[in-house]
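**Q** Submitted below is the structure of interest, expressed as C-alpha coordinates.
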Amino acid sequence: MTGKRKAEATRWYRQAAYDLKAARWNIEGGFHDTACFLAQQAGKKALTSLLYYSGARKQALFTHSIVEMIGAVKKKSPQPRGDFGRSARARSPLHPFPLS
(Lines give C-alpha, C1' and ligand atoms only; values in the text may rest on other atoms or scores of the structure.)
Protein backbone atom coordinates (compact mmCIF):
# COMPACT_ATOMS: atom_id res chain seq x y z
CA MET A 1 0.00 0.00 0.00
CA THR A 2 1.26 3.45 -0.84
CA GLY A 3 1.75 6.09 1.80
CA LYS A 4 -0.92 8.21 0.12
CA ARG A 5 -3.55 5.45 0.42
CA LYS A 6 -2.61 4.82 4.05
CA ALA A 7 -2.90 8.53 4.84
CA GLU A 8 -6.28 8.67 3.11
CA ALA A 9 -7.48 5.59 5.03
CA THR A 10 -6.40 7.23 8.29
CA ARG A 11 -8.16 10.47 7.39
CA TRP A 12 -11.45 8.66 6.64
CA TYR A 13 -11.18 6.62 9.86
CA ARG A 14 -10.64 9.73 12.00
CA GLN A 15 -13.63 11.42 10.39
CA ALA A 16 -15.74 8.29 11.06
CA ALA A 17 -14.75 8.38 14.73
CA TYR A 18 -15.58 12.10 14.92
CA ASP A 19 -19.01 11.53 13.29
CA LEU A 20 -19.77 8.74 15.76
CA LYS A 21 -18.83 11.00 18.67
CA ALA A 22 -21.11 13.71 17.25
CA ALA A 23 -23.91 11.13 16.92
CA ARG A 24 -23.55 10.29 20.61
CA TRP A 25 -23.72 13.98 21.55
CA ASN A 26 -26.88 14.33 19.47
CA ILE A 27 -28.46 11.36 21.27
CA GLU A 28 -27.71 13.01 24.61
CA GLY A 29 -29.36 16.19 23.35
CA GLY A 30 -32.44 14.37 22.10
CA PHE A 31 -31.69 14.92 18.40
CA HIS A 32 -32.28 11.32 17.38
CA ASP A 33 -32.84 11.93 13.66
CA THR A 34 -29.49 13.73 13.39
CA ALA A 35 -27.83 11.02 15.48
CA CYS A 36 -29.11 8.35 13.07
CA PHE A 37 -27.77 10.26 10.08
CA LEU A 38 -24.37 10.78 11.71
CA ALA A 39 -24.15 7.12 12.75
CA GLN A 40 -24.88 6.04 9.17
CA GLN A 41 -22.22 8.46 7.90
CA ALA A 42 -19.73 7.10 10.46
CA GLY A 43 -20.32 3.57 9.20
CA LYS A 44 -19.90 4.63 5.60
CA LYS A 45 -16.69 6.51 6.36
CA ALA A 46 -15.28 3.58 8.35
CA LEU A 47 -15.97 1.29 5.38
CA THR A 48 -14.35 3.82 3.03
CA SER A 49 -11.29 3.82 5.29
CA LEU A 50 -11.10 0.04 5.18
CA LEU A 51 -11.49 0.02 1.42
CA TYR A 52 -8.68 2.55 0.99
CA TYR A 53 -6.49 0.55 3.35
CA SER A 54 -7.14 -2.71 1.51
CA GLY A 55 -6.39 -1.18 -1.91
CA ALA A 56 -9.92 -1.31 -3.32
CA ARG A 57 -10.69 0.07 -6.75
CA LYS A 58 -12.21 3.52 -7.18
CA GLN A 59 -15.59 2.05 -8.14
CA ALA A 60 -15.92 0.49 -4.68
CA LEU A 61 -14.77 3.69 -2.99
CA PHE A 62 -17.27 6.05 -4.56
CA THR A 63 -20.53 4.16 -4.19
CA HIS A 64 -23.25 5.53 -1.91
CA SER A 65 -24.52 2.05 -1.03
CA ILE A 66 -23.36 0.62 2.30
CA VAL A 67 -24.44 -2.82 1.07
CA GLU A 68 -22.11 -2.52 -1.95
CA MET A 69 -19.29 -1.27 0.28
CA ILE A 70 -19.70 -4.23 2.63
CA GLY A 71 -19.63 -6.56 -0.39
CA ALA A 72 -16.40 -4.95 -1.58
CA VAL A 73 -14.86 -5.28 1.90
CA LYS A 74 -15.81 -8.97 2.01
CA LYS A 75 -14.05 -9.50 -1.32
CA LYS A 76 -10.90 -7.69 -0.18
CA SER A 77 -10.63 -8.92 3.43
CA PRO A 78 -10.07 -12.45 4.63
CA GLN A 79 -12.54 -13.78 7.16
CA PRO A 80 -11.23 -13.57 10.74
CA ARG A 81 -10.59 -16.81 12.55
CA GLY A 82 -11.37 -17.67 16.14
CA ASP A 83 -12.12 -14.76 18.44
CA PHE A 84 -10.39 -12.08 16.33
CA GLY A 85 -13.59 -10.30 15.25
CA ARG A 86 -14.80 -10.04 18.81
CA SER A 87 -11.52 -8.67 20.14
CA ALA A 88 -11.18 -6.19 17.26
CA ARG A 89 -14.68 -4.83 17.95
CA ALA A 90 -13.85 -4.49 21.63
CA ARG A 91 -10.86 -2.25 20.76
CA SER A 92 -12.58 -0.18 18.09
CA PRO A 93 -13.78 3.31 19.00
CA LEU A 94 -16.44 2.84 16.31
CA HIS A 95 -18.09 -0.05 18.11
CA PRO A 96 -20.78 1.64 20.23
CA PHE A 97 -21.93 -1.27 22.39
CA PRO A 98 -19.99 -3.12 25.09
CA LEU A 99 -19.42 -6.79 24.40
CA SER A 100 -20.52 -9.12 27.15
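**Q** Step by step: first the residues of region 53-71, then only those that are among the polar types (S, T, N, Q) and part of a helix (DSSP H, G or I), then the one that is modelled with the highest pLDDT. Which residue is that?
**A** At the first step, the residues of region 53-71 found to be among the polar types (S, T, N, Q) are 54, 59, 63, 65.
Still in the list and also part of a helix (DSSP H, G or I): 54, 59.
Details: Ser54: 85, Gln59: 68.
The qualifying residue modelled with the highest pLDDT is Ser54.
**Q** Show the residue pairs that are 6+ apart or on different chains and have beta-carbon atoms under 6 Å apart, the first residue being within region 21-47 and in contact (Cβ under 8 Å) with a residue 60 or more places away in the chain and at negative phi, the second being among the aromatic types (Phe, Trp, Tyr) and surrounded by 15 or more Cβ atoms within 10 Å (Cβ to Cβ).
**A** Every condition considered, no pair remains.
**Q** Considering region 49-68 alone, what residues qualify as being among the hydrophobic types (A, V, I, L, M, F, W, C) and surrounded by fewer than 17 Cβ atoms within 10 Å (Cβ to Cβ)?
**A** Those that are among the hydrophobic types (A, V, I, L, M, F, W, C) and surrounded by fewer than 17 Cβ atoms within 10 Å (Cβ to Cβ): Leu61, Phe62, Ile66, Val67.
**Q** For residues in region 20-40 being of a type in the set (S, T, N, Q) and surrounded by fewer than 17 Cβ atoms within 10 Å (Cβ to Cβ), which is nearest to Lys4 (Cα to Cα)?
**A** Start the filter on region 20-40 by keeping residues that are of a type in the set (S, T, N, Q), which leaves 26, 34, 40.
So of that shortlist, the ones also surrounded by fewer than 17 Cβ atoms within 10 Å (Cβ to Cβ) come out as 34, 40.
On the way: Thr34: 32, Gln40: 26 Å.
The selected residue is Gln40.
The values are calculated or read from the model by the stated rules, or taken from the named source; none is laboratory data. What you see is a predicted model, and the numbers here were worked out from it, not measured in a lab. Heads up, the Cβs are rebuilt from the backbone with ideal geometry, glycines too, and the neighbour counts pull from every protein chain shown.
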